[in-house]
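To start, the structure under review is shown below, and the notes come after it.
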Amino acid sequence: MKKKKVVSILLTSIMLTGMLAGCGGKSEEAGSSGDKQTIEFWYHDGNANSNAIFEELIAQFEKENPEYEVEYVGLPSDSYLQKYNTAIATNTVPDVASIRDQDVSALINQGALSCIDEDFESFEEKEHISESALNAIRNCSVDGKLYCLPQYTQPQIFWYNTTLMEEKGAEIPATIDEFMEACETYADPDNGTYFYSLRGGAGSLDNMLDFIFTYANQDSFFDEEGNCVLSDPIFAEALDTYASIYWNGWTSKDSVSNSYKEMVAEFGSGTAMGIANNSSALAENINNLGEGNFTNALAPANEEGIVVTKDVPFMGYTVFEGAKNREGGVKFLEFLVSHDAVSYFCEKDGRVPVNDLVYEDEWYQNNAYMPVYEEMMSSETVKFLARPLWLPEWSEFLSKVQEPGLQAVLMKEKTSEEVLQEWAEYLTNAQKEYLESNK
Amino acid sequence: MKRTTKKRITKTFTCYIPLAIVTIIMLFPFYWFLNTSFKEQSSIMKLPIKYLPEPFTTDNYASMLSSMGFDKYFLNSLFVSVVTTIFVVAIAIMGGYAISRYKFKGKKFVFLLLLVTQMLPGVVILVPLFTIFNNMGLINNLWSLVIVNTTVNLPFCTIMISGFFSGVSPTLEEAAQIDGCTILKSVFKIVVPTILPGIVASGAFAFVNTWNEFVYSLNFMSDSDKFTLPVGLSLMKGEFTVNYGGLAAGTVVALIPVLLIFCYIQKYLVQGLASGAVKG
C-alpha cells in the first residue's frame with residue numbers, strides 16, 4: 001500500500017513538473033518581447049565551447065543594442081541541416097543562422113536565404129572582410145550575389161606531432177616524394193604506429209583532392225567546355241600513389257573508414273605522426289597532445305614546388321528569407337562579422353579570421369599557428385582549387401559518389417581509372433546541366 | 001573419467017565459456033565508457049591505453065551538469081518518457097482488449113492499419129506533424145513530444161497487448177461477471193493482472209523508444225532548455241571537437257534510468273516476451 005502511494009506521488013510530481021515545464025512556452029509574439037525586439041539565432045555547432053562564446057558575444061551585442069534581445073540555440077553539428085530544412089518547409093526559420101560552405105548552394109537553390117548585397121554595402125567594416133572569402137561565397141550562387149557573410153576560414157593544412165617526430169628522427173616532408181618516403185620509413189604495423197593517418201571515410205574528399213590535384217599540378221575541376229578533368233590519366237596515377245599508402249600498409253587498416261574524429265584520434269593518441277586536415281583541428285590537437293607538441297605546415301608540394309589546395313573554405317552567417325525580424329537579423333549579422341566578434345570567436349575557438357582588422361590584435365600576432373595560413377594566402381607557390389560548390393549535386397556527390405568510390409579503390413574493388421571516370425562523368429553532367437540552365 | 005566430471009567439463013565448454021565470452025563482449029563497451037567518464041580529458045587519448053581511470057576525476061560529470069545543462073535534458077527526457085509510457089499502456093490496454101475480444105466490421109483492416117503505421121519512417125511525417133503542432137502552439141512544448149511518441153508507440157503496443165489478451169480465456173471474465181463484476185471491473189481486476197508481464201513488456205518498449213527518440217526532439221524544440229537527452233548527447237560531438245569524457249559521462253547518466261527499470265521489470269519482461277511470442 002505504502003509502495004503504491006510512493007509510486008503515485010512520484011508519477012504525479014513528474015506530471016506536474018512536466019506540465020509546468022512543457023506549458024511554460026513564451027507567450028510573446030515572435031519577433032518582439034515587451035519593448036525589445038527578438039532576434040532568433042541558430043548556430044550549427046552548439047558544443048560547450050561555442051555556447052560559452054556566444055553567451056559572451058550576445059551579451060556584448062545586447063549591451064551595445066539594448067533594443068534587441070537575442071535568442072540563441074546551439075544545434076548538433078551532424079544534424080543541423082535537417083533542423084534548418086524542417087524550419088524552411090514549415091516557415092519557422094530563425095532570423096540569423098550559421099552555415100557551412102558546402103551547404104550554402106543547396107539552401108540558395110531552395111530560395112531559403114535572403115540576398116544581403118545591399119545590406120553589406122552599408123556595413124562599416126565591409127572593406128576589411130577578405131575579398132577571397134566573399135568571392136568563394138559569391139561562387140555558390142548562380143547570380144553571384146552574397147547570401148551569407150564569412151566569419152572564419154578553415155584552410156587545409158598538415159598537422160605534425162613534433163615530439164614524436166623528434167624521437168624518431170623524422171622531418172616535415174616538403175615534397176610528395178619525401179612524404180611518400182616518410183610514410184614508408186616510419187610505418188610500423190607491428191606496433192600500430194605510422195607516419196600518416198589516411199582519411200577514407202566521411203569527409204575524405206578534401207585530403208584526397210589536395211593530394212591528387214597537387215600531384216597532377218592542376219587547379220581547376222573543369223576545362224573550358226565544362227568537362228571534368230578527373231578522367232585525365234595523370235589523376236589515375238595520382239590516385240594510385242595516394243591509395244598505395246593504404247595498399248602498402250603505411251597507414252592503419254581502419255583508415256579506410258576514418259572520418260575526422262577517428263583520424264584526429266589516431267593523431268592525438270600517437271598512432272600517426274601526421275594528418276591532413278583543416279585549421280579547425282587545433283582545439284582537438286591541444287586537448288590530445290598539449291601545446292608545444294605539434295605544429296602545422298603547408299602540404300607537400302609537387303615536383304614543380306606547387307601546392308594545390310581547396311579555395312578558401314568558409315563558415316558564415318546568413319539571414320533567412322523568412323526571417324521575422326530581418327532588420328534586427330542584419331544588425332546582428334553585421335556584429336557577428338565585425339572585428340570584435342570575429343576576434344573574440346577566433347581566439348577562443350582557434351579559428352582563422354577573415355576580418356583583416358584582427359591581424360593587428362595581440363593574440364593573433366602571438367599565435368604560433370597563424371603564420372602558416374598567412375604564408376598560404378600570400379605565397380605564389382600555393383594555388384587554390386575552386387570546388388564546384390555551385391552545383392546542387394555537390395553534397396550528394398560527396399556522400400554517395402566520392403566516398404564509396406575512394407573506399408572501393410582502397411579496398412581494390414575498383415581501379416582508380418574506373419572510379420575517376422565515374423566521378424568525371426557525374427560532375428561533367430552536373431556542370432553541363434548547370435551551365436545549360438543558366439544560359 | 002567419471003561420468004559426472006565429463007558432464008561438467010562438457011557443460012563448461014559448451015555453456016559457461018561461450019556465455020562468459022558473450023557477456024564480456026557485451027559488457028566491455030559499458031565498462032569502457034564508464035572508465036572514460038572518470039578519466040581526465042587529456043588522458044583519454046593517451047597511449048598506452050589505461051584500463052583504469054588514472055588520475056581519477058569526476059570533472060566530466062560536474063561539467064556535464066554545469067556547462068551543458070544535462071540536468072534539464074534529463075528531466076525533460078524523464079517527463080516525456082514516463083508520461084508517454086503511461087498514455088501508451090493505458091490506451092493500448094483498451095485498444096488491445098477491443099481487438100482481441102470483439103468482432104466488428106473492418107477488424108482485419110484496423111489490424112492491418114496498425115501494422116502499416118510501423119513501416120513509415122518517422123522523418124516522412126515530420127513536416128506535417130510540425131505544421132499541426134505549430135498551429136496548435138505546441139512547438140517548443142514537451143507535450144508535442146508526448147503526443148507524437150504516444151502515437152508512434154501505440155500501434156505496436158496495442159498489437160502486442162491484444163496478443164496477451166487472446167491468451168486469456170474469456171470464460172475467466174464471464175465467471176467474474178456472473179459473480180457480479182461489471183465488464184470494466186472484470187477486465188481490470190481479473191484479466192489485466194493475469195497479463196501484467198505483457199503490459200510491463202509493452203511499457204518498457206514504449207519507454208525505451210521514447211527515451212532514445214532523437215528526430216522529433218531535435219525538430220520540435222527550438223529552445224535549448226527543452227532539449228531531451230539524445231539531443232544533449234549529440235551536442236557533445238562538435239564539428240571538430242569531441243568531448244569524449246563528457247559524452248561518456250552523459251551516456252552513463254542516460255543509461256541509469258533504463259538500467260534501473262530493466263532491473264526491476266526483468267522478471268516480467270522475460271515472461272511477457274515469452275508468452276507474447278506464442279500468441280497468434
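The values are calculated or read from the model by the stated rules, or taken from the named source; none is laboratory data. From a predicted model like this one, the values you see are computed outputs, not experimental measurements. In this analysis, Cβ positions are derived from the backbone assuming ideal geometry, glycine residues included, and neighbour counts consider all displayed protein chains.
Tabulated data
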quantity	calculated
Residue check for B:SER100: of a type in the set (Gly, Ala, Ser) and within 10 Å of chain A (Cβ to nearest Cβ)	no
Lone unmet requirement of (1) surrounded by fewer than 17 Cβ atoms within 10 Å (Cβ to Cβ); (2) modelled with pLDDT under 90 for B:THR131	(2)
Test result for B:VAL110, aliphatic (A, V, I, L, M), touching a residue at least 60 places away in the same chain (Cβ under 8 Å) and either surrounded by 11 or more Cβ atoms within 10 Å (Cβ to Cβ) or more than 14 Å from chain A (Cβ to nearest Cβ) (or both)	no
Segment A:334-363, subset more than 21 Å from the chain's Cα centre (by Cα) and free of Cβ contacts under 8 Å to residues at least 24 places away in the same chain, residue nearest to A:ALA136 (Cα to Cα)	A:TYR359
Where a residue in segment A:132-148 is under 19 Å from A:MET377 (Cα atoms) and its partner, wherever it lies, is polar (S, T, N, Q), with Cβ under 8 Å and at least six apart	A:ALA133/A:THR153
Extreme residue, nearest to the other protein chains (Cβ to nearest Cβ), among residues of segment B:219-229 that are over 19 Å from B:MET64 (Cα atoms) and part of a helix (DSSP H, G or I)	B:ASN219
Hey, A:GLU184 of a type in the set (Asp, Glu), touching a residue at least 40 places away in the same chain (Cβ under 8 Å) and either farther than 26 Å from A:VAL352 by Cα or not in a helix (DSSP H, G or I) (or both) or not	yes
Condition broken by A:ILE245, with the remaining ones in (1) surrounded by fewer than 22 Cβ atoms within 10 Å (Cβ to Cβ); (2) over 23 Å from the mean Cα position of the chain (by Cα) satisfied	(1)
Residue list for segment A:94-105, restricted to those being more than 10 Å from chain B (Cβ to nearest Cβ) and of a type outside the set (D, E, K, R)	A:VAL96, A:ALA97, A:SER98, A:ILE99, A:GLN102, A:VAL104, A:SER105
Residue match in segment A:247-267 (condition: under 24 Å from A:PRO353 (Cα atoms) and either away from every other protein chain (no Cβ under 14 Å) or free of Cβ contacts under 8 Å to residues at least 12 places away in the same chain (or both))	yes
Leading residue by the ranking (farthest from A:ILE157 (Cα to Cα)) among those in segment A:299-322 that are modelled with pLDDT of 95 or more and aliphatic (A, V, I, L, M)	A:VAL319
Unique match (being in contact with a Cys (Cβ under 6 Å, 6 or more places away or on another chain), outside the structural domain of A:GLU127 (by TED's automatic domain parsing) and buried (at least 18 other Cβ atoms within 10 Å of the Cβ)) among A:ALA430, A:ALA424	A:ALA424
Leading residue by the ranking (farthest from the other protein chains (Cβ to nearest Cβ)) among those in segment A:59-85 that are buried (at least 21 other Cβ atoms within 10 Å of the Cβ) and assigned to a helix (DSSP H, G or I)	A:PHE61
Meets criteria (within 12 Å of chain A (Cβ to nearest Cβ), in contact (Cβ under 8 Å) with a residue 60 or more places away in the chain, farther than 30 Å from A:THR163 by Cα and surrounded by fewer than 18 Cβ atoms within 10 Å (Cβ to Cβ)) for B:GLY122	yes
Pick from segment B:134-153, criterion among the β-branched types (Val, Ile, Thr) and over 10 Å from B:THR210 (Cβ atoms), ranking: surrounded by the fewest Cβ atoms within 10 Å (Cβ to Cβ)	B:THR151
Options A:SER204, A:SER252, A:SER220: the member that is under 30 Å from A:ASP78 (Cα atoms) and surrounded by fewer than 17 Cβ atoms within 10 Å (Cβ to Cβ)	A:SER220
Test: residue in segment A:130-144 that is modelled with pLDDT of 95 or more, under 25 Å from A:SER280 (Cβ atoms) and outside any helix (DSSP H, G or I)	no
So B:VAL116, is it within 14 Å of chain A (Cβ to nearest Cβ) and either part of a helix (DSSP H, G or I) or without any contact (Cβ under 8 Å) to a residue 12 or more places away in the chain (or both)	no
Among the candidates B:GLY163, B:GLY232, B:GLY246, B:GLY198, residue that is crowded, with 16+ Cβ neighbours inside 10 Å, in contact with a Lys or Arg (Cβ under 6 Å, 6 or more places away or on another chain) and assigned to a helix (DSSP H, G or I)	B:GLY163
Criterion violated by A:GLN82 - all others in (1) under 26 Å from the mean Cα position of the chain (by Cα); (2) at pLDDT 95 or above satisfied	(2)
Residue match in segment A:248-259 (condition: touching a Cys at 6+ places or on another chain (Cβ under 8 Å), modelled with pLDDT of 90 or more and of a type in the set (Val, Ile, Thr))	yes
Among the residues listed as A:GLU433, A:GLU403, the single one being without any contact (Cβ under 8 Å) to a residue 40 or more places away in the chain and of a type outside the set (A, V, I, L, M, F, W, C)	A:GLU433
